[in-house]
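Below: one structure, written as structure tokens.
None of the figures in this text is laboratory data; all of them are computed from the coordinates on show. The shown structure was predicted, so the numbers you read here are calculated from the model rather than taken from an experiment. All Cβ positions, even for glycine, are placed from backbone atoms using ideal geometry, and neighbour counts span all protein chains on display.
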Amino acid sequence: MNNEPLKIKRKGEDGSRVITVRIKEDILESLDKLAAETNYSRNELINVILRHGVANIEIE
């Protein structure tokens, strides 16, 4: 049996932060549908979409 300690990082030490946002019901339903179709979690999908949006937004 291996007696080495189990090492885990504290939550939040991966560069992520927990925030609260309000999302319209229809958008949430669409997100959940996309998450189910792509096998992403809702959180992963939101991060992918936000990263793309921030990188590609044009301000006029």
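Pairing the Cα long axis of helix 25-38 with the longest principal axis of the chain, what angle in degrees results, from 0 to 90 and rounded to the nearest 10?
In the chain, helix 25-38 runs at an angle near 60 degrees to the longest axis.
Can you give the calculated 222 nm mean residue ellipticity of the chain, where each DSSP H run of n ≥ 4 adds -39,500 (n - 2.57) and the sum is split over every residue, rounded to the nearest 500 deg cm²/dmol?
Dividing the helical sum by the residues of the chain leaves -15500 deg cm²/dmol.
Taking the stretch 1-33, which GluC sites (Glu not before Pro) meet the DSSP loop condition and have no more than 12 other C-beta atoms within 10 Å? Intermediate results must be reported in sequence, preceding the final value.
Values: sites: Glu13, Glu25, Glu29; in loops: Glu13.
Listed in order of number, the matching sites are Glu13.
So for the chain, what percent of the C-alpha to C-alpha distances run longer than 15 Å? Write down the numbers at each step before the final one.
On the way: 1213 of 1770 pairs.
Value for the chain: 69 percent of Cα pairs lie more than 15 Å apart.
If one takes the longest principal axis of the Cα atoms in the chain, at what angle in degrees, from 0 to 90 and to the nearest 10, does the Cα axis of helix 42-56 lie?
Once rounded, the angle reads 60 degrees.
So which trypsin sites (Lys or Arg not before Pro) in the stretch 1-35 pass both tests, a DSSP loop state and at most 14 other Cβ atoms within 10 Å of the Cβ?
Lys7, Lys9, Arg10, Lys11, Arg17, Arg22, Lys24
Extension gain Ala36-Asn2, at 0.36 nm per residue separation less the Cα-Cα distance, in nm?
8.4 nm
Points 7 angstrom from Cα along the Cβ direction at Lys11 and Glu44: gap in nanometres?
Going from the Lys11 label point to the Glu44 one covers 1.9 nm.
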